[in-house]
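Heads up: the structure comes next, in structure tokens.
The values are calculated or read from the model by the stated rules, or taken from the named source; none is laboratory data. What you see is a predicted model, and the numbers here were worked out from it, not measured in a lab. Note that each Cβ is placed from the backbone with ideal geometry, even for glycine, and that neighbours are counted across all protein chains shown.
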Amino acid sequence: MEGFLRTPRSPLLDRKYEPKVVDLLNGQKMVIRMATEDDAELLLEAVKRMVDLEIDTDFFDLVAARTYAEILGWIRKRVKDEYVQLGVTEEGKLAGIVNARLWDDEIAISLHTIVTLRRVGAGSPLYFAKMEYAFDDLEVEEWRPTFESYYGFRMVGIMGAAQGMRWPENQHELGGAKMFYNTRTQWKNYIKPSVEKFLGTRPVPDDLLEVAESPELPDIEGQFD
């Protein structure tokens, strides 16, 4: 029955994402790389802790619960063409997780951005990393996000010049929320040059890349005391 239930994987996802390094607000470096299924246990544990803590600050509980389901769907092959990226500090701590998926070869759907290290500026570089992969590597024509939190909308929705789509004719798959979009032309001509400081540099030094291959969880609970 698996052949009936699993959607065919787009060959676009065979295109590699080259890891990069960005500067955080606390002076540390953060490596952003594509996640593999070997990372799934750690990622699930990170977001599960946020769910268990019932952290309603900036909708962390809601975003964590939805991200948990999406990561589980990713490894169980129940989300179409999903990709997951993560950020790891130079100390080897997981700083955040982002994911998105392909609607088709022309449109990418942004799913979630969640940080596991707060107040270090990890969220924006991670969000623009998944957008970068969609436009520069997968070469989609349109990016479609929605925003559950006020902070997320302010930091990457407004900064990223997300354009509103007519609602209710267009509803995001995350609960039928208002949907936004960015075009490939907009990305190349305005967004990418405007957020250059968040895009980081390549290649990643070997020592940082080695650390990023085996991330550990930070003290998630202590950040929400």
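For the stretch 30-57, what are the residues that are modelled with pLDDT under 95 and within 16 Å of the chain's Cα centre (by Cα)?
None; the set is empty.
Say we look at the stretch 171-190 and pick out the residues that are crowded, with 18+ Cβ neighbours inside 10 Å and in contact with a Ser or Thr (Cβ under 7 Å, 6 or more places away or on another chain); which of these is modelled with the lowest pLDDT? Before you say what the answer is, go through the steps one by one.
We begin by selecting, within the stretch 171-190, every residue crowded, with 18+ Cβ neighbours inside 10 Å; these are 172, 174, 179-180, 182, 186-187.
In the following step, the residues that additionally are in contact with a Ser or Thr (Cβ under 7 Å, 6 or more places away or on another chain) were identified as 172, 174, 179-180.
Details: HIS172: 93, LEU174: 88, MET179: 93, PHE180: 97.
So, considering only residues that are crowded, with 18+ Cβ neighbours inside 10 Å and in contact with a Ser or Thr (Cβ under 7 Å, 6 or more places away or on another chain), the one modelled with the lowest pLDDT is LEU174.
Can you pull out the residues in the stretch 38-49 that are in contact with a helix residue (DSSP H, G or I) (Cβ under 6 Å, 6 or more places away or on another chain) and crowded, with 18+ Cβ neighbours inside 10 Å?
Residues satisfying the conditions are LEU43, VAL47.
Select, from PRO218, PRO193, PRO168, the only residue that is loosely packed, with under 12 Cβ neighbours inside 10 Å, out of contact with any Pro (no Cβ under 8 Å at 6 or more places or on another chain), outside any helix (DSSP H, G or I) and not basic (Lys, Arg).
PRO168
Any chance you could count how many residues in the stretch 92-104 are touching a Pro at 6+ places or on another chain (Cβ under 9 Å) and either in a loop (DSSP other than H, G, I, E, B) or among the hydrophobic types (A, V, I, L, M, F, W, C) (or both)?
Result for the stretch 92-104: 4.
So, ASP52, is that one surrounded by 12 or more Cβ atoms within 10 Å (Cβ to Cβ), touching a Ser or Thr at 6+ places or on another chain (Cβ under 8 Å), charged (D, E, K, R) and in a helix (DSSP H, G or I) or not? I'd like the intermediate steps shown before the answer.
Values: surrounded by 12 or more Cβ atoms within 10 Å (Cβ to Cβ): yes; touching a Ser or Thr at 6+ places or on another chain (Cβ under 8 Å): no; charged (D, E, K, R): yes; in a helix (DSSP H, G or I): yes.
So ASP52 does not fit the description; no.
On the given criteria, is GLY27 modelled with pLDDT of 95 or more, at positive phi and not basic (Lys, Arg)?
yes
Exactly one of these conditions fails for LEU43: (1) within 29 Å of LYS197 (Cβ to Cβ); (2) not in a helix (DSSP H, G or I). Give me its number.
For LEU43, the exception is condition (2).
GLU70 - would you say it is in contact with a Leu (Cβ under 7 Å, 6 or more places away or on another chain), under 17 Å from GLY157 (Cβ atoms) and in a helix (DSSP H, G or I)? Walk me through it before giving the result.
On the way: in contact with a Leu (Cβ under 7 Å, 6 or more places away or on another chain): yes; under 17 Å from GLY157 (Cβ atoms): no; in a helix (DSSP H, G or I): yes.
The answer is no for GLU70.
Mind counting the residues in the stretch 123-165 that are outside any helix (DSSP H, G or I) and either of a type outside the set (Lys, Arg) or over 16 Å from the mean Cα position of the chain (by Cα) (or both)?
Applying the first criterion (outside any helix (DSSP H, G or I)) to the stretch 123-165 yields 138-149, 159-165.
With either of a type outside the set (Lys, Arg) or over 16 Å from the mean Cα position of the chain (by Cα) (or both) added as a condition, the list becomes 138-143, 145-149, 159-165.
Final tally of qualifying residues: 18.
(1) out of contact with any Ser or Thr (no Cβ under 6 Å at 6 or more places or on another chain); (2) closer than 11 Å to GLN85 by Cβ: which one isn't true of PHE135, the others all being true?
(2)
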